[in-house]
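The structure appears right after this line, and notes come after that.
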Amino acid sequence: NLMCVAEFHLLPHHDVRRVMALLRDVAFASPYTKTMKPVLVVVANHAWGMTYRLKAYPLEPRDQFRFVSDLTARGSEVLAGEGVQFASIPVAASA
């Protein structure tokens, strides 16, 4: 068994329970999800916004990268459709 994780970085001021439910639905809609295993959505608060981690199991371990890509694409599409804004985390440039 191999748990995979897709991350979403969102700006604050959204309905946290709604986002968690949407991401959970995204996992169950993926053709790569092993539906008899648990699907978890974990959220963490940061100064710049919130990080959501969608955790689920793929049908086949060899599909892990396709699975994470599918979760990320589906999740981003659903969240954008709900008007949820994604965060751009600033990265310090090295000299």
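The values are calculated or read from the model by the stated rules, or taken from the named source; none is laboratory data. Predicted model only: the values in this text are computed from it and were never measured. Every residue, glycine as well, gets a Cβ built from its backbone with ideal geometry; the counts of neighbours run over all protein chains shown. These accessible areas exclude ligands, DNA and RNA; they are computed on the full protein's heavy atoms, side chains included. Shrake-Rupley method; radii C 1.70, N 1.55, O 1.52, S 1.80 Å.
Of the numbered criteria (1) farther than 19 Å from ALA87 by Cβ; (2) touching a strand residue (DSSP E or B) at 6+ places or on another chain (Cβ under 7 Å); (3) open to solvent by 30 Å² or more (accessible area, probe 1.4 Å), the one MET36 fails is (2). Among what's in the range 44-56 and is closer than 10 Å to HIS9 by Cα and either of a type in the set (A, V, I, L, M, F, W, C) or in contact with a helix residue (DSSP H, G or I) (Cβ under 7 Å, 6 or more places away or on another chain) (or both), pick the residue that is most open to solvent (accessible area, probe 1.4 Å). Checked the range 44-56; the qualifying residue most open to solvent (accessible area, probe 1.4 Å) is TRP48.
A quick yes/no check of all residues on (1) at pLDDT 95 or above; (2) open to solvent by 50 Å² or more (accessible area, probe 1.4 Å); (3) over 15 Å from MET3 (Cβ atoms):
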position	(1), (2), (3)
ALA21	yes, no, yes
PRO58	yes, no, no
VAL78	yes, yes, yes
VAL91	no, yes, yes
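Residues in the range 11-24 that are more than 13 Å from THR72 (Cα to Cα) and not in a loop (DSSP other than H, G, I, E, B): VAL16, ARG17, ARG18, VAL19, MET20, ALA21. On the given criteria, is ARG62 out of contact with any strand residue (DSSP E or B) (no Cβ under 7 Å at 6 or more places or on another chain), exposed (fewer than 11 other Cβ atoms within 10 Å of the Cβ) and among the charged types (D, E, K, R)? Criteria met by ARG62.
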